[in-house]
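One structure below.
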Amino acid sequence: MLKFKPLLVLTALVFASFGAHAERLKDIASISGVRTNQLIGYGLVVGLNGTGDQTTQTPFTLQTFNNMLAQFGIKVPSNTGTVQLKNVAAVSIHADLPAFAKPGQVVDITVSSIGNSKSLRGGSLLMTPLKGIDGNVYAIAQGNLVVGGFDAEGKDGSRITVNVPSAGRIPGGATVERAVPSGFNQGNSLTLNLNRPDFTTAKRIVDKVNDMLGPGVAQAVDGGSVRVTAPMDPSQRVDYLSILENLEIDPGQAVAKVIINSRTGTIVIGQNVKVSPAAVTHGSLTVTITEDPIVSQPGPFSNGETAVVPRSRVNAQQEAKPMFKFGPGTTLDEIVRAVNQVGAAPSDLMAILEALKQAGALQADLIVI
């Protein structure tokens, strides 16, 4: 059976082992089973200043409203025709239930219109159950909305909209009614999942934990997970993890990547990107077509007619760009400096990087998003 050293001694070892460029274990890994769960619900927002759903176009709003009234013993006669509800809007509610959330605690919620409501500003959400993926109710939501946007419309059809008035938030708007079962206190081990799988980082975590607690305490499952032996007693397990999560680990270097967003022209080049020996030249051909029509006048006392004669001018200009050469192991700074010297635009840089990748000279993953 594993013998755990006194916590005070372990704490001293932790703080003595802090490195200058290390990161806390809690920042690069998470505990398997300790996670956030999503909740969702459907309800009504009331009290809107005439900006609610048009019930003729959103019949589900009226149906929901009638079902709510029926729960209070109120039945709307069927011969009243279509009821117009200008101050009511059907909405969806979603929230994130944190790990270890207990009944009675509150969580923030986001409320979004699902009908044709113009604005939820000034509205109040009526009591709405929030369910998990398993169909169970885990929280009850209710409260006044905080909407950052607004909408104004004139009688002539002019309209102004600032931000998004059809969605809002309620801080602490949901009360937890049921806790999500957790496997945190089950078994004699815990699994640490790396946020960015890396074999080097996993090995360094294993080495760091085993140096502190003894051989065999931590074992790497794969490049993204490390299994750690843990005490069975819940109180000791919490103390144990409070020490582990503050361990400082020197993560392995990330894979060299170049990210290109073709829609916005954004290019991100990682620190470890290098280029093999290559020579690059990049020029652009500019073709200009101008229309300069002329007027043809007939001679005096002739029977001719004035006519417009089209005249087009086509000019092609090839910009002369110097060739620059990348030596072995060229770094990010040298790439940027060389590209800036030739005055390349972001679109030109994209073409250069893609050509380098095709030539096998770009030692990095080229990702286009």
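Every number here is computed from the coordinates shown, using simple stated rules; none is lab data. Note that this is a predicted model, so its numbers are computed, not measured. Please note: Cβ atoms are built from the backbone with ideal geometry, for glycine as well, and neighbour counts cover all protein chains shown.
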**Complete:** With H94 itself left out, Lys, Arg at +1 and Asp, Glu at -1 over residues whose Cβ is under 12 Å from its Cβ give 0
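Say the cut-off is 23 Å between C-alpha atoms; which of K86/K131; K257/K357; K102/K131; K26/K203; K26/K274 go over it? Working shown, then result.
Numbers: K86/K131 28 Å; K257/K357 11 Å; K102/K131 15 Å; K26/K203 16 Å; K26/K274 31 Å.
Long pairs (Cα-Cα over 23 Å): K86/K131; K26/K274.
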**Asked** Taking the Cβ of V255 as the center, what net charge do the other residues with Cβ under 10 Å away carry, scoring Lys and Arg +1 and Asp and Glu -1?
**Response** 0
**Message:** For the ranges 175-185, 137-147, what's the packing order if you count other beta-carbon atoms within 10 Å of each residue, average per peptide, and put the highest first?
**Reply:** 137-147, 175-185
**Fill in**
Protection proxy (average C-beta count within 10 Å per residue), highest first, orders 71-77, 245-251 as 245-251, 71-77
**Request:** Quick one: which residues, 5 or more positions from N272 or on another chain, have an amide H under 5 Å from its amide H? H modelled 1.01 Å from N in the peptide plane, none for Pro or chain starts.
**Result:** K257
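Around S347, what is the net charge, scoring Lys/Arg as +1 and Asp/Glu as -1 over all other residues with Cβ under 12 Å from its Cβ?
Numbers: positive: R263; negative: D348, E354.
Residues near S347 contribute -1 overall.
What order do you get for 262-268, 47-53, 208-214 when each peptide is scored by the mean count of other beta carbon atoms within 10 Å, highest first? Don't jump to the answer; show the numbers that get you there.
On the way: 262-268: 11.4, 47-53: 19.6, 208-214: 17.6.
My ranking of the peptides, most packed first, is 47-53, 208-214, 262-268.
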**Fill in**
Check: C-alpha center the stretch 199-216 vs C-alpha center the stretch 95-170, spacing in Å is 46 Å
**Message:** Quick check: from the Cα gyration tensor, does the stretch 37-176 come out rounded (a/c under 1.5), prolate or oblate?
**Reply:** oblate
**Asked** Which ³J(HN,Hα) values in Hz, rounded to whole numbers, follow from the phi angles of the stretch 90-96 under the Karplus curve 6.51 cos²θ - 1.76 cosθ + 1.60, where θ = phi - 60° and Gly and Pro get x?
**Response** 7, 9, 10, 10, 9, 8, 10
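When a/c is below 1.5 the answer is rounded, else prolate if a/b is larger than b/c, else oblate, so apply that to the stretch 164-299 with a ≥ b ≥ c taken from the square roots of the Cα gyration tensor eigenvalues. All intermediate terms of the calculation are to be shown ahead of the outcome.
Details: a/c = 5.92, a/b = 2.02, b/c = 2.94.
Oblate, since a/c reaches 1.5 and b/c is not below a/b.
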